[in-house]
Amino acid sequence: MNESLYQLANLGLLALEPPGWGAILLKGFLASIQIAVGSYILGLIIGIFGATGKLYGGVVARDLWEIYTTLVRAVPELVLILLLYYAGTDGLNRLLGLLGYGSLDINGLLAGIIVLGVVQGAYSTEVLRGAIKAIPGGQIEAARAYGMSPFMILRRITLPAMLPYALPGLGNLWMVATKDTALLAVVGFTELTLATRQAAGATKAYMTFFLAAGLLYLMLSFFSGVVIRLIERRARRGMAGPV
């Protein structure tokens, strides 16, 4: 009798296990989306400054941005993540120690956003630089003739005019950002990939959990693709060529 009750209890626990792991996978998936959104926005901000610096900055600014984009695009992303995550945190704490402050425990979510944002920024710089160069020169010359300041030209002419040219590349960068979140598993941050590995390791149902993770990534990519196409179509209204 006691053995039967024990077996029934085990069956009950097994029945409850998948929803529990499902909640962990969903939590990891939401963390991946948070990191992707945060790093993508940070990368865009860096990219705007980088593109304008490479095109309109002085010699020093252009050289510094060129070094940044070259290094980030040349070094494998996994190596950059390990370098920025561990060496960057250690360097920051050493600097704080020299200044008389205590060590800083950086939040994993914030660290992931910063690390991937730095990587995204290099590629965004080149995408935006190419889009700015695609703007007809007469538009910028007309703005200068009207006496617009460089910041006003950037806000009213450059950024709106370059958007149709930049959107395909920026859309691809968003797709890359959603995939690159998986690389943070190597530094122990619990996003979808690490949560899936933990669930599969605990239950030995590797096929089930990794297929579930792949389906979540596929759903995110499909939804993102639909939204990106709608944005591109709206941005290219009135322009020559297929919409």
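The values are calculated or read from the model by the stated rules, or taken from the named source; none is laboratory data. Predicted model, so just to flag it, every value in this text is computed and none were measured. Heads up, the Cβs are rebuilt from the backbone with ideal geometry, glycines too, and the neighbour counts pull from every protein chain shown.
Descriptive notes on the structure:
- Just one of the listed residues (GLY100, GLY88, GLY147) is free of Cβ contacts under 8 Å to residues at least 60 places away in the same chain and either under 20 Å from ILE45 (Cα atoms) or under 22 Å from the mean Cα position of the chain (by Cα) (or both), namely GLY88.
- Single residue of segment 96-114 satisfying the filter (over 18 Å from PHE49 (Cβ atoms) and assigned to a helix (DSSP H, G or I)) that is modelled with the highest pLDDT: GLY112
- Matching residues in segment 175-203 - criterion: being assigned to a helix (DSSP H, G or I), more than 15 Å from LEU218 (Cβ to Cβ) and out of contact with any Asp or Glu (no Cβ under 8 Å at 6 or more places or on another chain): VAL176, ALA177, VAL186, VAL187, LEU194, ALA195, ARG197, GLN198, ALA199, ALA200, GLY201, ALA202
- Taken as a whole, the structure leaves TYR206 outside the set of residues that are free of Cβ contacts under 8 Å to residues at least 40 places away in the same chain and crowded, with 18+ Cβ neighbours inside 10 Å.
- Just one of the listed residues (ARG73, ARG62) is in contact with a Lys or Arg (Cβ under 9 Å, 6 or more places away or on another chain) and at pLDDT 80 or above, and it is ARG62.
- Tally of residues being of a type in the set (Asp, Glu) and within 22 Å of the chain's Cα centre (by Cα) across segment 54-85: 2
- Inter-residue pairs, beta-carbon under 8 Å, first surrounded by fewer than 18 Cβ atoms within 10 Å (Cβ to Cβ) and in segment 22-46, second among the hydroxyl-bearing types (Ser, Thr, Tyr), 6+ apart: LYS27/THR190; ILE33/THR178
- Near pairs, Cβ below 8 angstrom, 6+ apart or cross-chain, from segment 57-82 (on the phi < 0 side of the Ramachandran plot) to any residue that is assigned to a helix (DSSP H, G or I) and polar (S, T, N, Q): TRP65/THR125; TYR68/THR125; THR69/THR125
- Members of segment 141-153 that are surrounded by fewer than 17 Cβ atoms within 10 Å (Cβ to Cβ) and either part of a helix (DSSP H, G or I) or small (Gly, Ala, Ser) (or both): GLU141, ALA142, ARG144, ALA145, GLY147, SER149, PRO150, PHE151, MET152
- Residue match in segment 129-139 (condition: of a type in the set (D, E, K, R), within 21 Å of LYS54 (Cβ to Cβ), in contact (Cβ under 8 Å) with a residue 12 or more places away in the chain and part of a helix (DSSP H, G or I)): yes
- Residues (at pLDDT 90 or above and of a type in the set (S, T, N, Q)) located in segment 206-238: SER221, SER224
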